[in-house]
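The structure appears below as structure tokens.
Values quoted throughout were computed directly from the atomic coordinates according to the rules given, and no laboratory measurement underlies them. This is a predicted model, so every value here is computed, not measured. Quick reminder, even Gly has a Cβ in these numbers, built from the backbone with ideal geometry, and neighbours come from all protein chains shown.
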């Protein structure tokens with residue numbers, strides 16, 4: 001089964017891709033991302049690289065349903081973050097301790113955006129889970145120090161969100 005963790009990894013990959021090379025049409029970029037990811041995963045699975053399993057090549061009905069659900073989960077995050085990127089950057093700015101967003105690494109910047117989006121726009125996800133997922137993603141895609149940085153920023157951000165919940169359109 002495909003997990004939310006895997007879906008968040010896909011979301012970060014796509015967010016970083018869009019950050020570095022902004023697409024003209026997001027829907028085309030998302031479709032191309034899934035095709036590219038499936039091809040890469042197929043090649044890795046065939047080479048038995050790192051024990052990779054080809055989750056995109058499964059014919060199991062439960063697995064396919066799980067895959068589609070998690071693709072939707074990832075796409076919801078990508079669309080949400082990109083739609084509200086400027087607002088998220090402004091909301092995160094006070095917690096960056098004099099570090100402008102443009103100076104952060106691509107991974108850190110997009111993991112922070114995803115974490116902030118989940119913390120402020122997804123009240124059904126407990127703050128400790130959203131923060132832990134973001135920390136793990138930063139460490140996975142970057143380095144341990146990135147995880148510590150993301151943890152500090154999102155912890156302060158979460159306290160602010162708890163004190164002043166996000167109101168759409170406000």
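Below is a table of values for the structure above.
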quantity: Among 12, 35, 153: highest mean-square fluctuation, GNM of the chain, C-alpha pairs under 10 Å; calculated: 35
quantity: Helix axis angle, 26-46 relative to the chain longest principal axis, alpha carbon, degrees; calculated: 50 degrees
quantity: Label-to-label distance, nm, for residues given as residue 28 and residue 143 (7 Å Cα→Cβ offset); calculated: 3.7 nm
quantity: In nm, spacing of pseudo-spin labels at residue 4 and residue 79 (7 Å Cα→C-beta vector); calculated: 1.9 nm
quantity: Computed helical MRE - 222 nm, the chain, DSSP H runs ≥ 4 contributing -39500 (n - 2.57), nearest 500; calculated: -23500 deg cm²/dmol
quantity: For the chain: relative contact order, % (alpha-carbon pairs under 8 angstrom, 6 or more apart); calculated: 22 percent
quantity: For the chain, alpha-carbon Rg relative to the globular expectation (2.2 N^0.38 Å, N residues); calculated: 1.06
quantity: Crossing angle, helix 106-121 versus the chain [Cα axis fit, 0-90 degrees, rounded to tens]; calculated: 70 degrees
quantity: Cα-derived Rg to Rh of the range 85-163, Kirkwood definition; calculated: 0.92
quantity: With Cα atoms, 0 to 90° folded angle of helix 61-83 axis to the chain main axis; calculated: 30 degrees
